[in-house]
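Have a look at the structure below before the remarks.
The values are calculated or read from the model by the stated rules, or taken from the named source; none is laboratory data. Bear in mind the structure is a predicted one, so any value in this text is a computation, not a measurement. Backbone-built Cβ (ideal geometry, glycine too); neighbour counts: all protein chains shown. For accessibility, only protein heavy atoms count, side chains too; no ligands or nucleic acids. Shrake-Rupley method; radii C 1.70, N 1.55, O 1.52, S 1.80 Å.
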Amino acid sequence: MELKTRAIVLRTVKYGENKLIVDFLTRDVGRESSVWKFSGERRIKVARQLFHTLAILDIDFVNSSHGQLSRIKEA
């Protein structure tokens, strides 16, 4: 299910070469963990600025109901 909501970033962890796992808190869903895929050196710099701790973001993500990580489409 695709959701558009406002979120507070709790923490980020780099996963592999081109992915971040982002833990965030939303009013609609509660605490959620999602994967954000980036490409290139420039995108990692943008990701670090965008997903810093306690940042407030408007995000679009696909919520997974099967216990898997959801996927962030846009932030």
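Does the stretch 45-62 contain at least one residue that is at positive phi and modelled with pLDDT of 90 or more? Outline the logic, then answer.
Of all residues in the stretch 45-62, those at positive phi come to 54.
Filter once more, so that each one left must be modelled with pLDDT of 90 or more: 54.
Looking through the stretch 45-62, at least one residue is at positive phi and modelled with pLDDT of 90 or more.
Is it the case, given these coordinates, that ARG6 is surrounded by fewer than 15 Cβ atoms within 10 Å (Cβ to Cβ), free of Cβ contacts under 8 Å to residues at least 60 places away in the same chain and touching a Leu at 6+ places or on another chain (Cβ under 9 Å)? Here the answer is yes, as ARG6 does meet what is asked. Looking only at the stretch 35-70, residues that are assigned to a strand (DSSP E or B), in contact with a Ser or Thr (Cβ under 6 Å, 6 or more places away or on another chain) and open to solvent by 30 Å² or more (accessible area, probe 1.4 Å) come to 1 in all.
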